[in-house]
1. Sticking to Cα atoms, compute the Rg of the chain to one decimal and its Dmax as the biggest Cα-Cα distance, whole number, in Å.
2. State, as an integer percentage, the relative contact order of the chain based on alpha-carbon contacts under 8 Å between residues 6 or more apart.
3. Based on the inverse mean of 1/r over its pairs of different Cα atoms, what is the Kirkwood hydrodynamic radius of segment 60-115, in Å?
4. Within the chain, what whole-number % of the accessible surface is contributed by carbon and sulfur, with the 1.4 Å probe and all protein chains included in the calculation?
5. With the dipole of the chain worked out from charges on the C-beta (+1 for Lys and Arg, -1 for Asp and Glu) around the Cα centre, which of TRP27, GLY71, ILE116 lies farthest toward the positive end?
6. Whose amide H sits under 5 Å from the amide H of ASN92, counting only residues 5 or more places off or on another chain, with H placed in the peptide plane?
7. Assuming a ≥ b ≥ c are the square roots of the Cα gyration tensor eigenvalues, decide whether segment 10-49 counts as rounded (a/c under 1.5), prolate (otherwise, with a/b larger than b/c) or oblate.
8. Taking every pair of alpha-carbon atoms in segment 22-76, give the share separated by more than 12 Å as a whole percent.
Amino acid sequence: RWQAISESAAKQSKRTLIPEVQMPLTWKEALKKAQELDVVLVPYENERGMEATREVMRSIKPGQSIGIFVGPEGGFAPEEIEQVAPAVGTGNHRISLGRRILRTETAGLATLAMLIFCLDE
């Protein structure tokens, strides 16, 4: 059902690639999967300001694979944040979504909107 929704949304927005919907992963599985990606963005409420986020967004090149790690309600635990860098490597970036702390269901969409703004030509 979710894959059909993804296909319908991709057609509506005239995407050439249809996003693949997968089952949720455990934290360890997600860290392992992230190693396959070029860029991993981690919205984190304790990260430095928006200028650093703009720099990260500007550094992403067209065609790179991007993953977004959105934390649970209450945010990532500090030890979870510390696990991302060694597991993912140099492609991981903690980013700020601004001064306000967003709900889990909103943070991913806000990050996608920022990516569209920065990468869509």
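1. 14.5, 40
2. Relative contact order, the chain: 32 percent.
3. In segment 60-115 this quantity evaluates to 12.6 Å.
4. Answer for the chain is 55 percent, counting heavy atoms of protein chains only.
5. Toward the positive end, the furthest listed residue is ILE116.
6. Placed amide hydrogens put VAL40 under 5 Å from ASN92.
7. oblate
8. In whole percent, the long-distance tail amounts to 73.
The values are calculated or read from the model by the stated rules, or taken from the named source; none is laboratory data. Keep in mind the model is a prediction, meaning the values are calculated, not measured. Here Cβ is always computed from backbone atoms with ideal geometry, including for glycine, and neighbour counts include all displayed protein chains. To get the accessible areas, we keep the full protein, side chains included, count just its heavy atoms, and leave off ligands, DNA and RNA. Shrake-Rupley method; radii C 1.70, N 1.55, O 1.52, S 1.80 Å.
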